[in-house]
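*Asks:* This is the structure, below, for whatever I ask next.
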Amino acid sequence: MTVLPQSMDALHRLSDAVDGFLRSEKEFNLGDPATQMLVGGRFRTLGTQIGAAALAGVPDEDIAAIVQPARSACARSPFMRSEQEWARGYPGDHQLVEHVMAQANGAAPGTLAWHVEASLQHSAITQQLRNRVMHQARLISDVLTAPRNGPHSVLLIASGAAPDLRLIPPGIVRPGDRFVLTDVDPDALSLAQKRLGLLNDFTTVVPGNVFRALGPLAELGPFDLVVVNGLYDYLNDRAAVRLTEAVLTRLCRPGSTFYFSCTAVGNPFRWPLEFLMEWSLIERDEAAVRALLPGRNVSVGADPTGLALLTHVRV
Ligand SMILES: C[S@@+](CC[C@H](N)C(=O)[O-])C[C@H]1O[C@@H](n2cnc3c(N)ncnc32)[C@H](O)[C@@H]1O
């Protein structure tokens, strides 16, 4: 096998970045919380060099072998370990969302893992997740406070533990308003019910894979707002078109809003997510999003980090 010179250079730089990251343990004062900036810098360099190696044509298995020691060190961060091991059988589960929303750090203070986790919690990749949830809460609130002829109904698909709905002040909910949560993970729905407080009285949960739950959901509709976050990132175009059409034709009321978010192309966190965790996201640009919605009244924006595309469809 011929190894191209640029691949050799990239391999050396990657190896140096792994060493530099691991040396943080000896070279920095890990007892000082501010050291997360230094560790974060070396973590970002590592991610950048992983990307450079991949783009220089270094095979994935070679990159994986070189970064293995760094990946093991990262596994001491509960955040990163959960995305390496998929405790619930898939990446990006509701527990991760809860952890990110709480800006928690589950690693032992004074360790390399603590600094990695702190630096992730201060980075754009977690901020975009919090931005998505805040945006969803605003959409729900807008629907509930809009002028009305009658009660309003909101469907959250792949709801997780409904961190968005939990941000809604119960005082804006009126008699007859209804929320429906659906998720493949029944534990996510149980946690939502535990944490929703007064909003539980207005909420129905439908456990199951959304593709099989469409019938029961349609019986509870039609809805004024349908929200999907954290699902399109894992759906190929065929599945995304299927879900989109079903939502628009079977679940949305005329005059309603269908909202979903996805990861924008050019995500700079792609490399650490894929090689230091086990977390692959399907990236889409605006054209790819619009291609899912031919002939529809669509607006596509980005969250403040630019990492998430926020799509609103007027039905
Ligand atoms: C990243 S969480 C997002 C939770 C919530 N929507 C939010 O905005 O924070 C993704 C959720 O999608 C759910 N999920 C994944 N595939 C699904 C499917 N095919 N049908 C229903 N839910 C699914 C997971 O169980 C998980 O709770």
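*Asks:* Normalising by the residue count of the range 126-314, find the relative contact order in percent from Cα pairs under 8 Å and 6+ residues apart.
*Replies:* 20 percent
*Asks:* Give me the net charge of Val58's neighbourhood, meaning all other residues with Cβ under 13 Å from the Cβ of Val58; Lys, Arg count +1, Asp, Glu -1.
*Replies:* Cβ neighbours under 13 Å give a net charge of -3.
*Asks:* Another question, then. Take His115, His122 and order them by how many other Cβ atoms sit within 10 Å, fewest up front.
*Replies:* His122, His115
*Asks:* Further, regarding this structure: So if the hydrodynamic radius of the range 255-315 is defined as the Kirkwood radius over C-alpha pairs, what does Stokes-Einstein give as its diffusion coefficient at 25 °C and 0.890 mPa s, in µm² per second?
*Replies:* So the translational diffusion coefficient is about 196 µm²/s.
*Asks:* Right, another one. Can you report the principal axis dimensions of the range 126-314 using only the alpha carbons, biggest first, rounded to whole angstrom?
*Replies:* Sorted from largest, the Cα extents of the range 126-314 read 47, 38, 32 Å.
*Asks:* Using only the alpha carbons of the chain, determine the length spanned along each of the three principal axes and report them from longest to shortest in whole angstroms.
*Replies:* Sorted largest first, the three principal extents are 66, 44, 30 Å.
*Asks:* Let me ask another. Between Gly106, Ala64, Tyr90, whose Cα lies farthest towards the positive end of the dipole of the range 46-112 when Lys and Arg beta carbons carry +1 and Asp and Glu beta carbons carry -1, centred on the Cα centre?
*Replies:* Among Gly106, Ala64, Tyr90, the one farthest towards the positive end of the dipole of the range 46-112 is Gly106.
*Asks:* Using the reciprocal of the averaged 1/r over all distinct C-alpha pairs, how large is the Kirkwood radius of the range 17-173 in Å?
*Replies:* Every distinct Cα pair counted, the radius reaches 17.9 Å.
*Asks:* While we're on this one: Enter the angle in degrees (range 0 to 90, nearest 10) between the Cα long axis of helix 60-74 and the first principal axis of the Cα atoms of the chain, meaning the one along which they spread out most.
*Replies:* With rounding to tens, the tilt is 80 degrees.
*Asks:* A follow-up question, please. Cα centroid distance between the range 1-61 and the range 157-222, in Å?
*Replies:* About 42 Å separates the Cα centre of the range 1-61 from the one of the range 157-222.
Each reported figure results from applying straightforward, stated rules to the coordinates on display, with no laboratory input. The structure displayed is predicted, hence computed values, not measured ones. Note: ideal-geometry Cβ built from the backbone for every residue, glycine included; neighbour counts use all protein chains shown.
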